[in-house]
1. Quick test for you: out of A172, A111, pick the one residue that is surrounded by fewer than 22 Cβ atoms within 10 Å (Cβ to Cβ) and in contact (Cβ under 8 Å) with a residue 60 or more places away in the chain.
2. Would you call T122 of a type in the set (S, T, N, Q) and assigned by TED's automatic domain parsing to the domain that holds L96?
3. Looking only at the stretch 18-32, which residues are surrounded by 14 or more Cβ atoms within 10 Å (Cβ to Cβ) and out of contact with any Pro (no Cβ under 8 Å at 6 or more places or on another chain)?
4. Name the single residue, out of those in the stretch 175-217 being among the polar types (S, T, N, Q) and free of Cβ contacts under 8 Å to residues at least 60 places away in the same chain, that is surrounded by the fewest Cβ atoms within 10 Å (Cβ to Cβ).
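The values are calculated or read from the model by the stated rules, or taken from the named source; none is laboratory data. Source: prediction; values computed, not measured. Cβ: placed from backbone, ideal geometry, glycine included. Neighbour counts: every protein chain shown.
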Amino acid sequence: MRKQERAALIRKRLEQHYPETPVPLDHSDPFTLLIAVLLSAQCTDKKVNEVTPALFAAGPTPDAMAALSEEVILSHIRQLGLAKTKARNIKRLAQLLLERHGGEVPCSFEALEALPGVGHKTASVVMAQAFGVPAFPVDTHIHRLAQRWGLSNGLNVEQTEHDLKRLFPREAWNTLHLQIIFYGREYCTARGCDGTVCPLCCELYPKRRIPVTWRRA
């Protein structure tokens, strides 16, 4: 099966598994989505969703968040990884939204990536899910599955993103990145599948017997 055929089959199967693709991070607007995605670095979405209700109650807007001290922000997110750095970034990010963008989250990759703690993946999620701009955010789930499914041999997430954008139609990117994440968590997990176990790996490579060793980003 050629790569383009594999991509078409993968998209078909993911549509069957996940016809609905809710954003797994709880949020109410672009600002709370931006903060939730920033917090999700090296944390599970479940853990982030446990701490954000209290954080967003205290700082629901850039203005309110900027008014909080780093210590107060930290008190809400202390149980998350890299909490001190994230608290500092959130405080400064909220201030910069007020100073540079009139208190609004900018609809621009360049402007988003200029904010503290916001890398390309975080900006891509916000652009895709808050503003509907086609993007293909690649996290470790997607990077791992792209290798197992023979869609990319990229050594980093940037190359994997480039390869996936070439394989799938632009209008499918925003949905597909969530579908792949859902599938990676439910079926093709880091330890539960080695490229020979989950239904999709078996369908794509029925004769594969050697586990796929994926290259971490």
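1. A172
2. When the stated conditions are applied, T122 passes them.
3. Correct list: Y18, T21, V23, P24, L25, H27, P30.
4. Going through the qualifying residues, I end up with T213.
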